[in-house]
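Let me begin by presenting the structure, written as structure tokens, before commenting on it.
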Amino acid sequence: MPASSSQRPACLTQFNREELSPGLIRVSCHYFPERLESRHFQEADITLPPSLQTAVNKRKAEYLAGRWCGREALRQIGSDGVPGFHSDRSPVWPVGTLGSITHSHGIAEVMVGDARHWLTVGLDTEQWVSPERAARLERELLTEEELKTLAGMSPLQRANRLTLIFSAKESLFKALYPLTGKRFYFHDAVRRQPNSLTLLRTLSPEWPKGTQIPFRWRERQHSVLSWIALPRNS
């Protein structure tokens, strides 16, 4: 495994590494924008893109944390390098690898897969949405079919269900956009089964309307983590 000459910046703490499946690694850390100093990028041997030079510390810290975790995850599967930066801000992964980055409220998480075994991955974390905010977002994020499943739930239960579906659909976009090159939105997929999303529009010949994509999730005290990892040739 490649050696590291970089130094962990003081604004990043509480690292966690987990092998979800063979060749599929999740790495997370906490980041503190108020502790960020310009020298931290040099210490970490991570270059801040020109487009972020004038960004607020929160955005810079998110980038630093995500790229640090990405590099650590890549090393776990025997690769090296720091994920790059597309013009649309999506990450660029070294040849032979693929991955997804998410960050929310001071926590950055990365999932990286060995492309010999994994076709695509998508990862998203969301803070639990409050019942008041969920009531405002329901029709924006949920299909009519999903809204009907909320009948009889308490406001808190409705909010938690919305947060989970929101996160799962974000993971779906991160997983399928790199494969299809086509943008799609919250009403273009529906959660009909507890562990899968169904496409309501055709994204490409390989991803037609009606395709079911499995996802997984974990409930946490303050947030939910969802992910999609599709094996190659599945």
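Read-outs throughout are calculated quantities, based only on the coordinates presented, and are distinct from any laboratory measurement. Note that the coordinates shown come from a computational prediction; the quantities given were computed from them, not determined experimentally. In this analysis, Cβ positions are derived from the backbone assuming ideal geometry, glycine residues included, and neighbour counts consider all displayed protein chains.
Is it true that some residue in segment 87-94 is closer than 25 Å to GLY181 by Cα and in contact (Cβ under 8 Å) with a residue 40 or more places away in the chain?
yes
Only one residue in LEU52, LEU98, LEU74, LEU64 is buried (at least 18 other Cβ atoms within 10 Å of the Cβ), farther than 26 Å from LEU230 by Cβ and not hydroxyl-bearing (Ser, Thr, Tyr), so which one is that?
Only one candidate passes the filter, namely LEU64.
For segment 129-221, which helices (runs of 4 or more DSSP H) that fit wholly inside it have 2 or more residues that are under 17 Å from the mean Cα position of the chain (by Cα)?
155-180
Go through segment 177-211 and report how many residues are of a type in the set (S, T, N, Q) and out of contact with any Lys or Arg (no Cβ under 8 Å at 6 or more places or on another chain).
Total satisfying the criteria: 4.
Filter segment 7-41 down to the residues that are in a strand (DSSP E or B) and among the basic types (Lys, Arg) and list them by number.
Hits for segment 7-41 are ARG17, ARG26.
Report the residue count in segment 82-95 for those that are outside any strand (DSSP E or B) and surrounded by fewer than 16 Cβ atoms within 10 Å (Cβ to Cβ).
6
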